[in-house]
Amino acid sequence: DFIHESVIEKRVVCCHWHLIRLCHVSVMAGEGPPCKKIKSSTKLRTLGFCGADDSVHPNLLGLISQSYPFVEFGVLFRPDKEGQPRYATEKWVARLASVAKKSGGKMQLAAHLCGTRVNEVLDGEDTFVSTLSQLGFKRVQINATAVNGVDTSKNATSAQAVAKLISRHKDLEFILQKNEETRPLWEGVLLSNDEYCGDSGKLPPNVTMLVDESKGTGVLSEAWPTPPDGYNIGYAGGIGPANIKDVLEKVLEAGNGREVWVDMESSLRSSKNGTDVFDTDKCYECIDAICSAEQFAHPEFLR
């Protein structure tokens, strides 16, 4: 069940204090050299933190968004794992949606579809997808890999059904995972030439790709490719507080003047009191590194 109501009262009172504490924790943890300013024509679009779940109060995520609107919180949707670590309950998502609605547009949310939610999309079924916009989600990532509980045998035959579904939801940006396992799907959409997929070699205007050869397993990528002409990309795979400074330099160089984003999940987990939790302290370490590199700035009251 969602966080007990008696606990909620105390955590709401502590949210502002906790945000300030995050700054202190990051400074104390960051004993290495500070992240240097990175001169690059590439623009970091968002900093993605995936796996937000019932272990963190939605109000705290709302506070982070108010100070750092470039942060995007990713919620994993996989019905057979709902309520387990990384997979939020429906009740928690409803609370998060309420926070997002009141955020004045500062809270960015991405729905990361897994399991049967992806199988539905591969079949062209958009009943669930149709609910996401009203919940405050602006981007939808399709994790069509076996490790995410998906029937990947459908990838090779689903390109047109997926493109047709995407065309019905122009208010959402759809992200296709780009790796060898998902090649039949993303290449099918990319190379098709029809009214739904558009011209061959280009993606529909509301489609981007996430380059992640780890397939969501958190293994550090060996290469950071330059975005192709026909679509925009983001980067994932083993990124986290321990290497964000180095990865940022490589990604901004690879971006070649384009807008890109980075996303992470596994590195943001911690065990606290024997429980696997979404660790906002680790999120802040990454935020601080991004601001130190002058890609974005801390709000004045935290400088």
(message) Ala242 - would you say it is surrounded by 19 or more Cβ atoms within 10 Å (Cβ to Cβ), more than 23 Å from Leu176 (Cβ to Cβ), of a type in the set (A, V, I, L, M) and modelled with pLDDT of 95 or more?
(response) no
(message) Just the residues that are over 16 Å from Lys170 (Cα atoms), free of Cβ contacts under 8 Å to residues at least 24 places away in the same chain and open to solvent by less than 40 Å² (accessible area, probe 1.4 Å), please, taken from the range 197-227.
(response) Ser221
(message) Please count how many residues of the range 149-178 are within 15 Å of the chain's Cα centre (by Cα) and touching a residue at least 40 places away in the same chain (Cβ under 8 Å).
(response) 3
(request) Taking Ala156 as the residue in question, decide whether it is part of a helix (DSSP H, G or I), surrounded by fewer than 17 Cβ atoms within 10 Å (Cβ to Cβ) and in contact with a helix residue (DSSP H, G or I) (Cβ under 6 Å, 6 or more places away or on another chain). (result) yes
(request) Kindly check whether there is at least one residue in the range 102-118 that is open to solvent by less than 60 Å² (accessible area, probe 1.4 Å), in a helix (DSSP H, G or I) and closer than 15 Å to Cys50 by Cα. (result) no
(message) Which of the numbered conditions does Val189 fail, given that it passes all the others? Conditions: (1) part of a loop (DSSP other than H, G, I, E, B); (2) over 18 Å from the mean Cα position of the chain (by Cα); (3) hydrophobic (A, V, I, L, M, F, W, C).
(response) (1)
(request) Mind listing whichever residues of the range 35-52 are assigned to a loop (DSSP other than H, G, I, E, B) and buried (at least 22 other Cβ atoms within 10 Å of the Cβ)? (result) Gly51, Ala52
(request) Give the number of residues within the range 111-124 that are touching a residue at least 40 places away in the same chain (Cβ under 8 Å) and either out of contact with any Pro (no Cβ under 8 Å at 6 or more places or on another chain) or among the hydroxyl-bearing types (Ser, Thr, Tyr) (or both). (result) 4
(request) May I ask you to verify whether Lys250 is open to solvent by 60 Å² or more (accessible area, probe 1.4 Å) and either modelled with pLDDT of 95 or more or touching a Phe, Trp or Tyr at 6+ places or on another chain (Cβ under 7 Å) (or both)? (result) yes
(request) Starting from residues that are part of a helix (DSSP H, G or I) and over 25 Å from Ile166 (Cβ atoms), keep the ones in the range 82-101 and report whichever is least open to solvent (accessible area, probe 1.4 Å). (result) Trp92
(request) Please list, ordered by first then second residue, the pairs with beta carbon atoms under 7 Å, 6 or more apart or interchain, first in the range 258-284 and within 16 Å of Asp54 (Cβ to Cβ) and open to solvent by less than 20 Å² (accessible area, probe 1.4 Å), second modelled with pLDDT under 95 and assigned to a helix (DSSP H, G or I). (result) Thr280/Leu22
(request) Search the range 159-178 for residues being open to solvent by 10 Å² or more (accessible area, probe 1.4 Å) and in a loop (DSSP other than H, G, I, E, B), and hand back the single one that is farthest from Gly105 (Cα to Cα). (result) Arg168
(request) Give the range 288-303 a look and list any residue that's of a type in the set (Phe, Trp, Tyr) and exposed (fewer than 12 other Cβ atoms within 10 Å of the Cβ), or say none. (result) Phe301
(message) Restricting to the range 127-142, name every residue that is assigned to a loop (DSSP other than H, G, I, E, B) and either open to solvent by 30 Å² or more (accessible area, probe 1.4 Å) or at pLDDT below 95 (or both).
(response) Thr127, Phe128
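The values are calculated or read from the model by the stated rules, or taken from the named source; none is laboratory data. Because the structure is a prediction, the values reported are computed rather than measured. Here the Cβ is made from the backbone with ideal geometry for all residues, glycine too, and neighbour counts use every protein chain on show. When the accessible area is computed, the model is the full protein with side chains, heavy atoms only, and any ligands, DNA or RNA have been set aside. Shrake-Rupley method; radii C 1.70, N 1.55, O 1.52, S 1.80 Å.
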